[in-house]
């Protein structure tokens, strides 16, 4: 074999071999050597968006999955590790506008390149199951299930207030509105009412919440908490403030009742104002005769409506001049419009209790509204000028100034108020949810066409199932002037109403891309089935045993996937309640960020390889300077150091996996990302540590090259191990026991460190050429190769072949996982720490089965004790079995 490790040759040969034998194709009928069906295990990484290149986060995510897959396959499991592409979405449209090419071409070119990168990493992916969500054979089933949901009433059409970008001519999510402007165009965002399709995820809210709390034991606690908070179950009272405000037609608006919901009905006697959303019918009516209020409402309609933005926004309001009636006291309550009240949450109105709600307190102080204390905490003094946290205390408070409700705790007061309101026919106990129905309509081109035809006579008509898929044209090049499907003649040509046959037009909205990612993992199970969305494959593989992905997907993607699974279950397509049994959220890959402000006030970022750090006397990095000239900037120029952050192309701190693979090999990239930090922790990039990983692999190769003779004789008859060989076996099998435990708990950083310790032990062993030495070395290195194989499959595959182990034991891919030999862990002798008067004085070796008396004799006759004791006699001897002896003199 070659003496030196050549990663390019090794990895190219391994790929060629795996491709030739179709090593990673998985079937549902896989059997073991005894002919018995293997137990299934489905391990899946979240599918990537085909942006053009893998990043180190991808490398880390997929290596975690790959290690699990290879380890379980060696342990006899039938393991599925598939891959696909989350290929629809706005980034492709933006790239198309920038490059003047259709999104389809850009997307498929990127998929081809990223697939090559994945294959270069040596991932054990069954590519026969590959899916791309932009393929009509995939999104046909999005459309099919959408139609089934329409039939069941789970999907429905309604008009909703949305964020509208007038330049891009599209709806923006709340998160895409920044300071009231579109995130891409910078245009002031408008609020518009437009029709769209929604999915009744709220029908599943109770089950989604209950199973977060009881049915997801393999999920991280913080992810479960994020899901629970997003679903947001609240128990309280919904009740009405009556009014006599009438519309232009003379009828009472909303039947003369303005409803609110509160979890703090105990504070109802402290209501001093009410506020409605700018879009509320009462606000609209008041604005008709109040130009200032109309202008205020228009200003409120600009800007995003994320909770984060609302929390940060200055709370502003304007009095409408209208009043509603307190439901219990009968007093008039002033009605305000508030920019912090959302029409889409609850009834679009809130009661204001300034004394016991911090937001209302600030609002009342700003506008000079009354503050009425109705809750008292014993020993506390209420200050009407400054907010104190105890004002909102739910546990310790008792009602005051509340007529017949005074002197009650929270729960007693809530029940009493609810009872009083119910007797008046104005309210009742109610459970509400933060979760809102999922709006899936997008006014964009690059997505799944919504299968609806609009007829002048019959309105929105579903496309007949036989006409699916409604195929998205792939020749459009978006230009920023709105959805190009509106003007695509071929898309609309010849469309007729399925009911009456009249000329009609297609729906041009496309589906939210979260639809694509809500079930792709099920399509992996039946990727080629043209007759069914899912079939026998899903019945075999689902639920998924291990899901791996970033924490950024902990809420929406996982929630929508859970909902979609339950809908498929209720339609009889699958037999599982939850799609993912276990979830691992891997940490981010971080790197240093260097920047400077240029003359125009913009920020320029610099690659870490162009920079040398500036270190203070305490060894802390406080700045940086350019190592070489960059553009017009001279070498030595001082620049800013921003610390470490997530790798990003925009900040020039990414590391291209392809460069790393070419320089050091895929095994080094894999080994480094696994060794440097536990899977859940963030990983801070370190070029020197990458070099260290490469050196370790060269040592592994070098050790094999020096010890080829150990394997030359093939399989030997069992030999009698001498003491040196027994010591090596003890160390190797002890490490194997720990490594196996670490594999089971997916602590792959300590798996790698265990393999490194094995190599250290093998290199330190003095081979005397005996059969005992050769047998111990051969066994130990064989164990090392199998332990290292899941993380570094190329080099271990090559060495397994070179040393003749494949001929003896079969492919490393399916070699049985090494088992700890209990006899190897049995020791003839034990080494015990020797202490004299509690101070370390050396060590002694004793027979493994030595009695306490024998241990005491050996300790007191040892050279170390005799030297320290200087003739003194032992007063007391303490023996801690298996660990130490302390002789007191």
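The values are calculated or read from the model by the stated rules, or taken from the named source; none is laboratory data. Bear in mind that the values here come from a model prediction, so they are computed numbers and not experimental data. Positions of Cβ are generated from backbone atoms using ideal geometry, with glycine treated the same way; all protein chains shown enter the neighbour counts.
Regarding residue 335, is this residue in contact (Cβ under 8 Å) with a residue 40 or more places away in the chain, under 24 Å from residue 427 (Cα atoms) and surrounded by 23 or more Cβ atoms within 10 Å (Cβ to Cβ)? Judged against the criteria, residue 335 is a match. Checked against the criterion of being closer than 30 Å to residue 300 by Cβ, surrounded by fewer than 14 Cβ atoms within 10 Å (Cβ to Cβ) and without any contact (Cβ under 8 Å) to a residue 24 or more places away in the chain, the candidates 182, 186 yield just one match: 186. The set of residues from segment 227-264 being surrounded by fewer than 17 Cβ atoms within 10 Å (Cβ to Cβ) and assigned to a helix (DSSP H, G or I) comprises 228, 229, 255, 256. Condition first: in contact (Cβ under 8 Å) with a residue 40 or more places away in the chain and part of a loop (DSSP other than H, G, I, E, B). Now tell me which residues in segment 370-391 satisfy that. Hits for segment 370-391 are 370, 371, 372, 373, 374. Can you tell me which residue is surrounded by the fewest Cβ atoms within 10 Å (Cβ to Cβ) among those in segment 504-523 that are touching a strand residue (DSSP E or B) at 6+ places or on another chain (Cβ under 7 Å) and part of a helix (DSSP H, G or I)? Here the answer is 520. Taking segment 779-883 and the strands (runs of 3 or more DSSP E) fully enclosed by it, the elements with 3 or more residues that are touching a strand residue (DSSP E or B) at 6+ places or on another chain (Cβ under 6 Å) and closer than 21 Å to residue 731 by Cα are at 829-836, 839-847.
Count of segment 413-433 residues, restricted to those that are touching a residue at least 24 places away in the same chain (Cβ under 8 Å) and either assigned to a strand (DSSP E or B) or surrounded by fewer than 16 Cβ atoms within 10 Å (Cβ to Cβ) (or both), is 8. Quick one: is residue 780 in contact with a helix residue (DSSP H, G or I) (Cβ under 7 Å, 6 or more places away or on another chain), at pLDDT 95 or above and surrounded by 15 or more Cβ atoms within 10 Å (Cβ to Cβ)? Yes, satisfied. The one condition from (1) in contact with a strand residue (DSSP E or B) (Cβ under 9 Å, 6 or more places away or on another chain); (2) more than 23 Å from residue 564 (Cα to Cα); (3) assigned by TED's automatic domain parsing to the domain that holds residue 564; (4) not in a helix (DSSP H, G or I) that residue 122 does not meet is (1).
Picking from 665, 601, 572, 619, which residue would you name as being in the same structural domain as residue 542 (by TED's automatic domain parsing) and at positive phi? Checking each option against the conditions leaves just 572.
All of 751, 739, 719, 710 fail the test of being over 45 Å from the mean Cα position of the chain (by Cα) and buried (at least 18 other Cβ atoms within 10 Å of the Cβ), apart from 710. Those residues that are surrounded by fewer than 21 Cβ atoms within 10 Å (Cβ to Cβ) and either in contact with a strand residue (DSSP E or B) (Cβ under 7 Å, 6 or more places away or on another chain) or touching a residue at least 60 places away in the same chain (Cβ under 8 Å) (or both), I need them from segment 442-461; list them, please. Result: 454, 455, 460, 461. Working only within segment 151-185, note down all residues that are in contact with a strand residue (DSSP E or B) (Cβ under 9 Å, 6 or more places away or on another chain) and part of a helix (DSSP H, G or I). Within segment 151-185, 151, 174, 176 meet the criteria. Annotation: residue 274 fulfils all but one of (1) buried (at least 20 other Cβ atoms within 10 Å of the Cβ); (2) in a loop (DSSP other than H, G, I, E, B); (3) at pLDDT 95 or above; the unmet one is (2). Among the residues of segment 446-484, those that are at pLDDT 95 or above and within 21 Å of residue 166 (Cα to Cα) comprise 446, 447.
Every listed requirement among (1) crowded, with 20+ Cβ neighbours inside 10 Å; (2) within 40 Å of the chain's Cα centre (by Cα) is met by residue 817 save one, (1).
Condition (residue is in a loop (DSSP other than H, G, I, E, B), under 30 Å from residue 644 (Cβ atoms) and modelled with pLDDT under 95) applied to segment 693-712: is it met by at least one residue? Checked segment 693-712: no residue is in a loop (DSSP other than H, G, I, E, B), under 30 Å from residue 644 (Cβ atoms) and modelled with pLDDT under 95. Evaluation of residue 855 against the conditions (1) buried (at least 20 other Cβ atoms within 10 Å of the Cβ); (2) outside the structural domain of residue 751 (by TED's automatic domain parsing) shows that the sole unmet condition is (1). Residues in segment 18-54 that are surrounded by fewer than 16 Cβ atoms within 10 Å (Cβ to Cβ) and not in a loop (DSSP other than H, G, I, E, B) were compared, and the one that is nearest to the chain's Cα centre (by Cα) is 39. On the stretch given as segment 186-225, residues that are part of a loop (DSSP other than H, G, I, E, B) and within 22 Å of residue 511 (Cα to Cα) total 2.
Scanning segment 868-880 for residues that are farther than 14 Å from residue 858 by Cβ and surrounded by 10 or more Cβ atoms within 10 Å (Cβ to Cβ) yields 868, 869, 872, 878, 880.
Among the residues of segment 463-489, just one is in contact with a helix residue (DSSP H, G or I) (Cβ under 6 Å, 6 or more places away or on another chain), surrounded by 18 or more Cβ atoms within 10 Å (Cβ to Cβ) and over 21 Å from residue 514 (Cβ atoms), namely 476.
Here residue 29 meets the list (1) modelled with pLDDT under 95; (2) out of contact with any strand residue (DSSP E or B) (no Cβ under 8 Å at 6 or more places or on another chain); (3) over 18 Å from residue 670 (Cβ atoms) almost entirely, failing just condition (2).
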